[in-house]
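The structure appears below as structure tokens.
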Amino acid sequence: MAELRSRHLFTITMKLPPTLELGDTPAGTRRVFTVSGGQFAGDRLCGDILAEASSDLLLVRRDGSCQQDVRLILRTDDSALILMTYRGVRHASPEVGARIARGEQAAPSDYYLRTVPFFETSSSKYAWLNKIVSVGVGERNADGVKYEVFEIL
């Protein structure tokens, strides 16, 4: 079996205002993060995140892990619009998870945060994004999140 190869796609950073706590729902503990802005930059595309159409519907599962369900609208520096959706998982020890929930800094090596982004665009310049699989490696910080996103070759 061949080893997976990847190529860096971009670094994306998002600003997250305070959490909207929906509380315990039939699916688990639901937290909603709206995205107040952000940027992405890589060799093949860069631009901004449109805050008015971007959010994360985070689910804290019974096992303590968190499942992301994210929708972002990216606007490239040449004005193309790209829908970026991803699901992912974050898990950590109870102590590290509590620090992250309080907005405190934790070393990325102290927890696992991985996502699987997919893209949708009508731009002919960026149509190649419609046909790739990618993986994001994340880092939570006090006021947002940062991902290194890689195209799987």
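Using a simple charge model, +1 on the beta-carbon of Lys and Arg, -1 on the beta-carbon of Asp and Glu, nothing else, what dipole does the chain show about its Cα centre, in debye to the nearest 20? Mind showing how you got there, number by number?
Numbers: 19 positive and 19 negative charges, 52 e Å.
So the dipole magnitude of the chain works out to roughly 260 debye.
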Please list 3J(HN,Hα) in residue order for segment 144-153, calculated via the Karplus relation 6.51 cos²θ - 1.76 cosθ + 1.60 where θ = phi - 60°; whole Hz, with x for glycine and proline. x, 8, 10, 10, 9, 10, 10, 7, 7, 8
Anyone know which of Ile82, Ile49, Ile100 comes out most mobile in the 10 Å Cα GNM of the chain? Ile100
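Averaged across orientations, what area in nm² does the convex hull of the alpha carbons in segment 69-137 project?
Its average projected convex-hull area is 5.7 nm².
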What net charge do the residues around Arg30 carry, taking every other residue with its C-beta under 9 Å from that of Arg30, with Lys and Arg at +1 and Asp and Glu at -1? -1
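Between Val116 and Glu95, take the C-beta separation as r, use R0 = 22 Å, and let me know the FRET efficiency to the nearest 0.05. Don't skip to the end; give the middle numbers.
Working: r = 27 Å, r/R0 = 1.24.
Here the calculated transfer efficiency is 0.20.
To the nearest 0.05, what FRET efficiency results for Leu22 and Leu81 with a Förster distance of 25 Å applied to their C-beta separation? Display every interim value, and only then the final one.
On the way: r = 29 Å, r/R0 = 1.15.
It comes out at approximately 0.30.
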Pseudo-spin-label distance Cys46 to Ile152, built 7 Å along Cα→Cβ, given in nm, is 2.8
Rounded to whole Hz and in sequence order, give me ³J(HN,Hα) for segment 21-32 from the Karplus expression 6.51 cos²θ - 1.76 cosθ + 1.60, θ = phi - 60°, writing x for Gly and Pro. 8, 7, x, 6, 10, x, 7, x, 7, 9, 10, 10
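Per DSSP H run of n ≥ 4, the term is -39500 (n - 2.57); total these for the chain, divide by its residue number, and report the mean residue ellipticity at 222 nm rounded to 500 deg cm²/dmol. Working shown, then result.
Numbers: 1 runs with 8 residues, N = 153.
Counting only the DSSP helices, I get -1500 deg cm²/dmol.
Tell me which trypsin sites (Lys or Arg not before Pro) from segment 38-142 have a DSSP coil assignment and no more than 10 other beta carbons within 10 Å of their own. Let's see the in-between values first.
Numbers: sites: Arg44, Arg61, Arg62, Arg71, Arg75, Arg87, Arg90, Arg99, Arg102, Arg114, Lys125, Lys131, Arg140; in loops: Arg44, Arg61, Arg62, Arg102, Lys125.
Answer by residue number: Arg62, Arg102.
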Which shape class, rounded, prolate or oblate, goes with the chain when its Cα gyration tensor gives a ≥ b ≥ c as root eigenvalues, a/c under 1.5 marks rounded, and past that a/b bigger than b/c marks prolate? prolate
Can you figure out the FRET efficiency of Ser36 with Lys131, using R₀ = 25 Å and their beta-carbon distance, to the nearest 0.05? 0.20
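Values in this text are rule-based calculations from the coordinates and carry no lab data. These numbers were taken from a predicted model, which means no experiment stands behind them. Cβ coordinates were reconstructed from backbone atoms using ideal geometry, including for glycine residues, and neighbour counts include every protein chain displayed.
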